[in-house]
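The values are calculated or read from the model by the stated rules, or taken from the named source; none is laboratory data. Bear in mind that the values here come from a model prediction, so they are computed numbers and not experimental data. Cβ placement follows ideal geometry from the backbone for every residue including glycine, while neighbour counts extend to all protein chains displayed.
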Amino acid sequence: MSSEWDLHQELIKDYDNRYDYNGVSGDRLARRLHLLSEIGLTDDGGSMRIGFSQEEKQAKELAIEWMKEAGLAISQDGAGNIFGLLEGKDPDKPAVLSGSHLDSVPNGGHFDGPLGVLSALEVVEAWRASGYQPDVPYEVVIFSDEEGARFNSGLTGSRAMTGTADIELQGELTDQDGKSFEEVMNGIGLSTETFAGAVRNLEEIGTFVEVHIEQGKRLEQNNLPVGIVEGIAGPSWLEFDFIGKAGHAGNTPMTERQDALVAAGEFIRNIYDLPREYSDSAVATVGKLNVYPNGINVIPGKVALNVDVRDIFEETRNQLIERIEKEAARISKEFEVEYRFRQTLKVDPVPIPDHLKEKLGQAIEQHGIERMELPSGAGHDALIVGHYLPVAMLFVNSKDGVSHTPDEWSSLNDCVQGVQVLKSYIESLT
Ligand SMILES: [Zn+2]
């Protein structure tokens, strides 16, 4: 498939040239998405550019060439984050930053990440065509290792830039091949030490905006090309153990059992209904469960499970977590088992400032598109940056809501409208 397959041709097939105005070129965007897709292309037509791999590095190098051609001054920090600077009329003002990432999950798609980087760059191309210079500096950013596929972590580049990365913990990570973080970094000319030095003076940046595919179906259901992210949910991970008594499945009467799995089952069933009581954007998922001793003729003595809880509002997220723990307490009483609870991860959600949502809404309407706001359930680099700087996010319609697979798709019509909105939005800030 891979030798015949051509993303550029696939994208341009259904493209409506009327979206080419103000110097924005759908053909250039499609060609660049295609050239990036060739780096780490899998047999399934997917993308294999793991964070800190040679493929991610190669993709960055290609993007750097384009950024240089567009007149940007390139710098790279010790985490491998790339910045392309366009001077503003007032070079001392804080910059507007826009971009995303070029790494992928194993056998992922070609839009998650690259679309945000190339959209930010396409704005510069459009300006170049008309000789426009923004009042404040504008920077295109490529963050390293957003997906975290190698070390089961993620958002690594943006954490390094904001000084949020735990360097000691980072240094202790090893990948599936047993390679340490240091060895992996050395492979691309960096080190744990350079990584630690990647912290940026955030006073140089005024705001960040990220274009990203929605990875959900809301825009498609509303037949809209783009939408305003109203807030970015941060993941909270809860770990529960239900501890009963293991026993023989044949010799223990039903009245004398302390079955940990029955308690866990009731718990999973009940917390499925809880998020909607707190907010429309709250979600809770049990995606991991271990049963002990896990024998066909043994009453389960212990169940360990994990709950992933998210919401874009901190208050309702916290209320939901509290309620889930109460539910575990109630159920453990009812089924005469014990429970243990531990929170293993807590990333606070990032609200998008109202004035930025308003500006984005105006930019959307300027292009004859209806405004729609929607939550981001997934974390993005904007989630990390948003803890320090005002951020905005623009989602682009994802076909069937599919992402992190080779089938990930956004039409070029929708992608280019995203660039047009981004351009108008950035111009309204500068
Ligand atoms: Zn992404």
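Observations on the model:
- Close pairs (8 angstrom Cβ cut-off, 6 or more residues apart or separate chains): among the acidic types (Asp, Glu) in region 192-217, part of a helix (DSSP H, G or I) and within 16 Å of the ligand (Cβ to nearest atom) anywhere: Glu210/Gly116; Glu210/Asp381; Glu210/Ala382; Glu214/Gly401
- When the criteria are applied in full, Ala165 meets the requirement of being more than 16 Å from the ligand (Cβ to nearest atom) and either of a type in the set (A, V, I, L, M) or surrounded by fewer than 24 Cβ atoms within 10 Å (Cβ to Cβ) (or both).
- Single residue of region 148-176 satisfying the filter (among the polar types (S, T, N, Q) and assigned to a helix (DSSP H, G or I)) that is farthest from Gly379 (Cα to Cα): Gln170
- Only one of the numbered conditions (1) within 26 Å of Ser398 (Cα to Cα); (2) among the charged types (D, E, K, R); (3) at pLDDT below 95 is not met by Lys346, and that is (1).
- Taking the criterion of being assigned to a loop (DSSP other than H, G, I, E, B) and under 17 Å from Pro114 (Cβ atoms), the residues of region 128-147 that qualify are Ser144, Asp145, Glu146, Glu147.
- Among (1) assigned to a loop (DSSP other than H, G, I, E, B); (2) closer than 30 Å to Gly78 by Cα, the one test that Gln58 misses: (1)
- Selection status of Ala165, within 26 Å of Ala95 (Cβ to Cβ) and small (Gly, Ala, Ser): yes
- Any hit, region 159-170, residues being modelled with pLDDT of 95 or more and small (Gly, Ala, Ser): yes
- Enumeration of residues in region 54-73 that are surrounded by fewer than 22 Cβ atoms within 10 Å (Cβ to Cβ) and over 19 Å from Ala126 (Cα atoms): Gln54, Glu55, Lys57, Gln58, Glu61, Leu62
- Within region 201-259, considering residues that are closer than 30 Å to Glu338 by Cβ and hydrophobic (A, V, I, L, M, F, W, C), the one modelled with the lowest pLDDT: Trp237
- Among the criteria (1) more than 16 Å from the ligand (Cβ to nearest atom); (2) surrounded by 15 or more Cβ atoms within 10 Å (Cβ to Cβ); (3) of a type in the set (Val, Ile, Thr), the one Val385 does not fulfil is (1).
For (1) charged (D, E, K, R); (2) farther than 28 Å from Leu274 by Cβ; (3) surrounded by fewer than 20 Cβ atoms within 10 Å (Cβ to Cβ); (4) within 24 Å of the chain's Cα centre (by Cα), each residue gets a yes or a no:
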| residue | (1), (2), (3), (4) |
| --- | --- |
| Phe335 | no, no, no, no |
| Pro349 | no, no, no, yes |
| His380 | no, no, no, yes |
| Thr405 | no, yes, yes, yes |
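- Answer from Val385, Val347 - the residue that is touching a residue at least 40 places away in the same chain (Cβ under 8 Å) and more than 26 Å from Pro225 (Cβ to Cβ): Val347
- Criterion: farther than 26 Å from Tyr425 by Cβ and touching a residue at least 12 places away in the same chain (Cβ under 8 Å) - qualifying residue of Glu334, Glu370, Glu322, Glu315: Glu334
- Residue identified as buried (at least 23 other Cβ atoms within 10 Å of the Cβ), within 16 Å of the ligand (Cβ to nearest atom) and in a strand (DSSP E or B) among Ser100, Ser119: Ser100
- Some residue of region 318-333 being at pLDDT 95 or above and not in a helix (DSSP H, G or I): no
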